[in-house]
Amino acid sequence: MELAIFTPMDNLTGGNYRILKVITRFPHDKYLLFIPKNRKNKLIKEISSFININEKEKFLEILNHALELKDLKSGALNYVNYGKYVARTAQEHKVSLLYFPHEHTYFPLGFKMSHIKWTELLQLTPVVGALSIEDGNGFQLFYKNLRNNYNYGFIKVMKSYLRFKLFQYATNGVTLLAVSASIPYELSRLGVNASIKVLNPGIGVDPCPYANNRDRDIDVIFFARITPEKGIFDYLLIVSKLIKIIPNLKAAVMGFASDDMKAKVLSKAIELGIRDRVRFIFNASRDEVLRNLSRSKIMIYPTKLDAFPLSVLEALSCGTPVIAYAIPAIRLNYNTDAVIKVRPGNIHDAVDSAYNVLTKDLWMELGKSGLKFSQKYDWDTVAKTEWNTLLSLLV
């Protein structure tokens, strides 16, 4: 067997959805999929609830044929030991390469101790996530971004920096894969010059069945996992200011959210006086997501944490232009006028851009441009590129 793929995923974040889309296209007789039993069971529940029937069958098929590993318990030491256990299992199956399609610190430490040939896929810049601030280098830059992206205090930043250095140690001498050119750029700014093969294309998107809809009754929408780092609170602030200059503005929020995040988001909307002016669509199915994107004139996505955001590509595939912060993930991957880039953290610029697009009816032409751009990114090409890159590591 050429390849063992180990994943501990148990939910459908954009990165995990990407992994499933790609693995279903790998040659089935050339790899083994390893997944902890408890994580697999939780993942199957999410797939059954939120994925359409055709994709659901494909995802469940590969999971049903996966090799179930023992349950995975949380904790740094547990992850390191589990990494060693995964490596031993891969060695018992005589695989040539262990592939870990996640950016993580502790599992790789276990791989390193086991002396197995392995690689991992970076879908974010490890630990820091992304650079929403680019002023500075090394630890200074690391500190600024963790303060800005997560509101970490000094002690928590130092703990995170230790984890970052452990990642650097674990991956030293290993050729890594990345979905975006922003990742090696950001790592180099942070003082890590790793050996990284950037996949091109790094992500794909399915054609949106509602892309040609012109009956758009939602002016602005947010779509992503509902977390502060993805920009949900900046979005609500932008909407509160837009409503003052476009009184009949219709706005929506869409994405996966925990009960705690739902409460915080709704509380913030009440605080801003826009609770009754925003439609909240939590935990929607894939079809509902695409329908709502295709009903929207603009997606506003003030993310601080991304490498190659799939939500942006999905919006473009539905003919919906995007306004986003010009972090490296956006700046280096979305070279199209359909993605309007504003200075990170600048609410005023985002409001002005949205007002300009809406009042001048620019969204239709921008949407056509975005749809054309998205058509360059298909999952078959992504999977072929990734598989061939993995095979090149075996030489």
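Things to note:
- Checking Ile226 against (1) open to solvent by 10 Å² or more (accessible area, probe 1.4 Å); (2) closer than 24 Å to Cys318 by Cα; (3) out of contact with any Lys or Arg (no Cβ under 7 Å at 6 or more places or on another chain), the condition it does not meet: (1)
- Failed criterion for Asp349 (all others in (1) in a helix (DSSP H, G or I); (2) open to solvent by 20 Å² or more (accessible area, probe 1.4 Å); (3) within 23 Å of Arg295 (Cα to Cα); (4) of a type outside the set (S, T, N, Q) hold): (3)
- Neighbours by Cβ (under 6 Å, 6+ apart or cross-chain): first from segment 244-258, on the phi < 0 side of the Ramachandran plot; second open to solvent by 10 Å² or more (accessible area, probe 1.4 Å) and among the acidic types (Asp, Glu): Leu249/Asp219; Lys250/Asp219
- Test: residue in segment 120-136 that is surrounded by 23 or more Cβ atoms within 10 Å (Cβ to Cβ) and farther than 25 Å from Pro201 by Cα: no
To keep it simple, each residue is scored yes or no on (1) within 29 Å of Pro201 (Cα to Cα); (2) aliphatic (A, V, I, L, M); (3) within 19 Å of the chain's Cα centre (by Cα).
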residue: Thr7; (1), (2), (3): yes, no, yes
residue: Lys30; (1), (2), (3): yes, no, no
residue: His65; (1), (2), (3): yes, no, no
residue: Ala76; (1), (2), (3): no, yes, no
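- Among the conditions (1) over 16 Å from Leu237 (Cα atoms); (2) open to solvent by less than 40 Å² (accessible area, probe 1.4 Å); (3) among the aliphatic types (A, V, I, L, M), the only one that Ile274 does not satisfy is (1).
- For segment 352-395, the set of residues classified as acidic (Asp, Glu) and either open to solvent by 50 Å² or more (accessible area, probe 1.4 Å) or out of contact with any Leu (no Cβ under 7 Å at 6 or more places or on another chain) (or both) consists of Asp352, Asp361, Glu365, Asp378, Asp380, listed by residue number.
- Strands (runs of 3 or more DSSP E) lying entirely in segment 59-132 (those with 3 or more residues that are within 13 Å of Ile35 (Cβ to Cβ)): 67-69
The values are calculated or read from the model by the stated rules, or taken from the named source; none is laboratory data. Here the structure is a predicted model, which is why all the values come from computation and not from measurement. With ideal geometry, Cβ positions are generated from the backbone for all residues, glycine too; neighbour counts draw on all protein chains shown. Just the protein is used for accessible areas: all its heavy atoms, side chains included, with ligands, DNA and RNA removed. Shrake-Rupley method; radii C 1.70, N 1.55, O 1.52, S 1.80 Å.
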